[in-house]
Ligand code: PRX
């Protein structure tokens, strides 16, 4: 076996470590000043970048839109095909097929093909557990584990097309389980480890899953999350079709094993060989379903398929993160979210990169955990969320200042608009003023990054995701679908299909059409649900969701979802949920609740309702504010006037048109009601 387990450490940057350049906490940066600043890629960075100039980007982008089939056919050569496709894109709005006739396997692309040459002993995953242990898994070790676990899946009855839920801590086995599904053509649906039993049950029922892969427990801030127990509760009433639960031993907490249903991962691995040839899949075979919140009470299962998704993941990861062979690339997202799918597993592994994976919380045992990890493993690329950055700012500059962050060469953000102050802090304190920042806009539905700077090419401005990626025809339009001029606010749409686009909502074609393609059905545009404007340079400034979806700490949450959790409590008659400003999370959850007759509105009940929502959905959905009210402001036709509730939740005085309000007294009472 060759010696090289980890990649060579990246060259030390010439400048002083980031800590030395750290801004003092007192450094306050006014947003209006920051917004005017433009940061050009340094000559040194641009010289070595895959896309070295704005002109190079623009030429390629224009080419990609002029002849998309030719462009994507060229890019698709970077994948390993078992059989070449016949057509690049068939577009019958709103249904797209990419690379029809082609055959390939995602796990073979992400793992096996890197084992053929010298990369077989390159680190694929460097993992650190929250308690502090580390593991390094080479590409050849990963191939062996994936193939073995694929045999375990088969041994336990999983077949092509079967749905397998994965409810795991952030450990390498989560990625191994995903890749093993892909190897045999089973369709995985990862459920975030922070979600509740109810959420597992809903997803198992909706997807028709027959198997769950989980762990005994996972670590979070020193405590153990009882994952297996949550699965047991989800399966308790026997309503799902789950026949088999495979349990990885992680936290050694005591669990119940249901004879005939539950098996241990480690025991099963003893029964199988590492011989499991990747099964050829059609380009359009389903790869995974990922549930995300929408404007109704139930999350929807976004379906992604094989070839187009993998291509989008591979091409964006290479270009947006400007991947080099010796990078140590860290995406801090959990595999339970789309970012964890595309930029922790499929994108980087398809490129043969070294991925860093960290199991736990950023402030465990102390608020410098991230910076410690970066220094210890020589991380070169860091991709995280604005909400995390705002928390770091709050915790203070002394934490990053303790560590040498000079291995970093590129920073990224995703999940929500980044406020210019947070952008500047990230740039100066973490990036030492030398690292480009890629602010990447995309969605569960888009599968891959859509609007983003390319770090060697695009001048950046704090707060904007800048320009569309290759092949992406994004535009800001008015309600009639007309493109708007500079700085006019409108709706963000995508006018042409792209390879990694969602293929549907699992089991609900009607919802797919209604949700994404009805707003601009005449034009055939995809509607993102986001509002935005373009500035005079054509840069996209995303202002946030314009539907009934909240973005809490970078995670999507439907207001209707929280409302239906609240009304499922015996004390609640009616509930309305809106977003409220939150310094760290971007948006918080504010609930207005009317109680059933005879129920006492007190602090105790508020706490009970918070807990109830957490049990029904997960802790991220816990309302930050709950206000009891004897009525909700409604129009004469009975529609809740959310605009007014938002103003109240934000502590503002209610303004604007209230003439359609049914009962003006309701407003006065609501404003008087406090959140205590
Ligand atoms: O509102 C946008 C916001 O997050 C939404 C997508 O959420 P989700 O499907 O959970 O995926 C998050 C990770 C890709 C979008 O509709 N959003 C995402 N990235 C950005 C953003 N808003 C502004 N700037 C971004 N960079």
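A few comments on the model shown:
- Considering the conditions (1) within 26 Å of residue 389 (Cβ to Cβ); (2) surrounded by fewer than 22 Cβ atoms within 10 Å (Cβ to Cβ); (3) touching a helix residue (DSSP H, G or I) at 6+ places or on another chain (Cβ under 8 Å), residue 462 is excluded by exactly one of them, (2).
- Only one of the numbered conditions (1) assigned to a loop (DSSP other than H, G, I, E, B); (2) in contact with a helix residue (DSSP H, G or I) (Cβ under 9 Å, 6 or more places away or on another chain); (3) closer than 27 Å to residue 502 by Cα is not met by residue 382, and that is (1).
- Among the residues here, residue 235 does not qualify as within 16 Å of the ligand (Cβ to nearest atom), under 29 Å from residue 339 (Cβ atoms) and in contact (Cβ under 8 Å) with a residue 12 or more places away in the chain.
- Test: residue in the stretch 384-407 that is within 16 Å of the ligand (Cβ to nearest atom), over 18 Å from residue 440 (Cα atoms) and at pLDDT 95 or above: no
Quick grid of which residues meet (1) surrounded by 12 or more Cβ atoms within 10 Å (Cβ to Cβ); (2) more than 28 Å from residue 394 (Cα to Cα); (3) modelled with pLDDT under 95:
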residue: 22; (1), (2), (3): yes, no, yes
residue: 32; (1), (2), (3): no, no, yes
residue: 36; (1), (2), (3): no, no, yes
residue: 49; (1), (2), (3): yes, yes, no
residue: 52; (1), (2), (3): yes, yes, no
residue: 77; (1), (2), (3): no, yes, no
residue: 86; (1), (2), (3): no, yes, no
residue: 92; (1), (2), (3): no, yes, no
residue: 96; (1), (2), (3): yes, yes, no
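- From the options 621, 576, 571, residue that is more than 16 Å from the ligand (Cβ to nearest atom) and crowded, with 19+ Cβ neighbours inside 10 Å: 576
- Restricting the stretch 569-582 to residues that are in a loop (DSSP other than H, G, I, E, B) and touching a helix residue (DSSP H, G or I) at 6+ places or on another chain (Cβ under 9 Å), the residue that is nearest to residue 548 (Cα to Cα): 569
- All positions within the stretch 529-556 that are more than 9 Å from the ligand (Cβ to nearest atom) and in contact with a helix residue (DSSP H, G or I) (Cβ under 8 Å, 6 or more places away or on another chain): 548, 550, 552, 553
- Residue match in the stretch 473-483 (condition: closer than 30 Å to residue 434 by Cβ and either assigned by TED's automatic domain parsing to the domain that holds residue 347 or touching a strand residue (DSSP E or B) at 6+ places or on another chain (Cβ under 6 Å) (or both)): yes
- Among the candidates 253, 319, residue that is more than 20 Å from the chain's Cα centre (by Cα) and over 24 Å from residue 148 (Cα atoms): 253
- Flag if residue 249 is touching a helix residue (DSSP H, G or I) at 6+ places or on another chain (Cβ under 8 Å), under 20 Å from residue 218 (Cα atoms) and either within 16 Å of the ligand (Cβ to nearest atom) or without any contact (Cβ under 8 Å) to a residue 60 or more places away in the chain (or both): yes
- Any hit, the stretch 343-352, residues being more than 16 Å from the ligand (Cβ to nearest atom), in a helix (DSSP H, G or I), under 25 Å from residue 214 (Cα atoms) and in contact (Cβ under 8 Å) with a residue 40 or more places away in the chain: yes
- Members of the stretch 557-568 that are more than 16 Å from the ligand (Cβ to nearest atom) and either under 24 Å from residue 489 (Cα atoms) or not in a helix (DSSP H, G or I) (or both): 568
- Checking each residue in the stretch 627-639 for being surrounded by 19 or more Cβ atoms within 10 Å (Cβ to Cβ) and within 14 Å of residue 559 (Cβ to Cβ) picks out only 632.
- If you go through the stretch 596-642 and pick out every residue that is part of a loop (DSSP other than H, G, I, E, B) and touching a strand residue (DSSP E or B) at 6+ places or on another chain (Cβ under 9 Å), you end up with 16.
- Boolean, residue 148 is touching a residue at least 12 places away in the same chain (Cβ under 8 Å) and not assigned by TED's automatic domain parsing to the domain that holds residue 275: no
- Taking the stretch 517-528 as the range and being out of contact with any helix residue (DSSP H, G or I) (no Cβ under 7 Å at 6 or more places or on another chain) and crowded, with 21+ Cβ neighbours inside 10 Å as the test, the residues that pass are 525, 528.
- Yes/no for residue 312 being in contact with a strand residue (DSSP E or B) (Cβ under 8 Å, 6 or more places away or on another chain), part of a helix (DSSP H, G or I) and closer than 27 Å to residue 74 by Cα: no
- Residues of the stretch 264-300 that turn out to be free of Cβ contacts under 8 Å to residues at least 60 places away in the same chain and surrounded by 17 or more Cβ atoms within 10 Å (Cβ to Cβ), as a count: 0
The values are calculated or read from the model by the stated rules, or taken from the named source; none is laboratory data. Values in this document were obtained by computation on a predicted structure and should not be read as measured data. Counting neighbours? That spans all protein chains shown, and the Cβs are built from the backbone with ideal geometry, glycine included.
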